[in-house]
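The values are calculated or read from the model by the stated rules, or taken from the named source; none is laboratory data. Fair warning: this is a prediction, and the values are worked out from it, not measured in the lab. In this analysis, Cβ positions are derived from the backbone assuming ideal geometry, glycine residues included, and neighbour counts consider all displayed protein chains.
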Amino acid sequence: MIVNIKNRRFKIVKRTIVVLSIIVLLLIHFFVPRLITEIRNPVVSLIKRNKPVEVGFTTTNQEILRKKLFIPSFDGIKLSAHLTYASAKTPKSTIILLHGIRSSKTHFLELSAFLSENGYNSVAIDLRAHGESEGQFCTFGVAEKKDIKSVIDYLIEKENFENIGIWGQSLGGAVALQAMGFDQRIKFGIIESTFTDFKTIVNDYFDLHAGFSFKPFSDYLANRAARIADFDADDAHPIKYCENIDQPILIVHGNKDKRIDVSYGKANFSKLKSANKAFLEINNATHLNVWEVGGDKYFSRVIEFLNKN
């Protein structure tokens, strides 16, 4: 009888392990990949995330002329944007501003005012699936670079803007690199703290949050996430698009960035075709505080770059 009880217990344990294993496999296949690309996933919204450190810009507090835009993209979704006009009668150029993942265009409100006072129009965009823009999934630049093309079409046709540049942070930087390699109408770019390719950064983030990494597994998650979001994981590859970039460009990265290592910024920089390129390493800056650590000296360098280009 004791043997029978032990056998029954063993069968129960074995069945429990099998059921739990099936549940884990189903979660890995159907749910976990959505946490990578599905921006409006309610589970992700429950996770407390660090935000970029906000920086107070020195301005004269004069009235800034700003309006809200809804721009149709190539696949029918509407992109929300804030257009901030330059305070000068003749703007030097127009700069498209792109935020990081799970952020929004409101991050650029003070920067837009700063750029306005320095003679630049700016267009801060909610990337697809972010903020007030439509869409469900982030495609890490595959669809977003085409969104930027639609934005440029709109700015040329509706606002009569011609000299258009781009400034992107993190995910926005990856989108900006792909957009610059895809659309030569972008005249210059500022790229902050971005990665080289989608699969590598998925592996890095898995290691960051889980404490270990196994590339075949992270590649499986990346490919599965891309299939769910309907994009080619191998096309989300900023470093590949760097080979097509010959516009003036400033690459910026903090050397204490634990989310996206500074080596990725240097790798992107090495592949640029541009004869007018510069790499700016911000000493002791992390992924979230490049503006704060760089301070006035950094923004003076940025304005110097913009004024030249």
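Per-structure values
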| quantity | calculated |
| --- | --- |
| Every residue from region 216-260 that is buried (at least 19 other Cβ atoms within 10 Å of the Cβ), closer than 24 Å to residue 301 by Cβ and not β-branched (Val, Ile, Thr) | 238, 242, 247, 248, 250, 253, 254, 257 |
| Residues being assigned to a helix (DSSP H, G or I), out of contact with any helix residue (DSSP H, G or I) (no Cβ under 7 Å at 6 or more places or on another chain) and within 25 Å of residue 230 (Cβ to Cβ) - total across region 150-179 | 9 |
| Some residue of region 184-198 being surrounded by 24 or more Cβ atoms within 10 Å (Cβ to Cβ) and among the aromatic types (Phe, Trp, Tyr) | yes |
| Of the criteria (1) in a helix (DSSP H, G or I); (2) loosely packed, with under 14 Cβ neighbours inside 10 Å, which one residue 275 fails | (1) |
| Filtered residue count, region 182-192, keeping only those that are within 16 Å of the chain's Cα centre (by Cα) and in a helix (DSSP H, G or I) | 0 |
| Number of the exception - residue 127 against (1) outside any loop (DSSP other than H, G, I, E, B); (2) buried (at least 23 other Cβ atoms within 10 Å of the Cβ); (3) touching a strand residue (DSSP E or B) at 6+ places or on another chain (Cβ under 9 Å) | (1) |
| Any hit, region 87-95, residues being surrounded by fewer than 24 Cβ atoms within 10 Å (Cβ to Cβ), in contact with a Ser or Thr (Cβ under 8 Å, 6 or more places away or on another chain) and modelled with pLDDT under 95 | yes |
| Only one of 231, 195, 212 that is of a type in the set (Phe, Trp, Tyr) and free of Cβ contacts under 8 Å to residues at least 60 places away in the same chain | 212 |
| Pick from region 96-124, criterion β-branched (Val, Ile, Thr) and surrounded by fewer than 24 Cβ atoms within 10 Å (Cβ to Cβ), ranking: nearest to residue 300 (Cα to Cα) | 106 |
| Any hit, region 66-75, residues being over 26 Å from residue 174 (Cβ atoms), of a type in the set (Ser, Thr, Tyr) and either touching a Leu at 6+ places or on another chain (Cβ under 9 Å) or in contact (Cβ under 8 Å) with a residue 12 or more places away in the chain (or both) | no |
| Neighbours by Cβ (under 6 Å, 6+ apart or cross-chain): first from region 150-178, more than 18 Å from residue 193 (Cα to Cα) and at pLDDT 95 or above; second β-branched (Val, Ile, Thr) and part of a helix (DSSP H, G or I) | 164/152 |
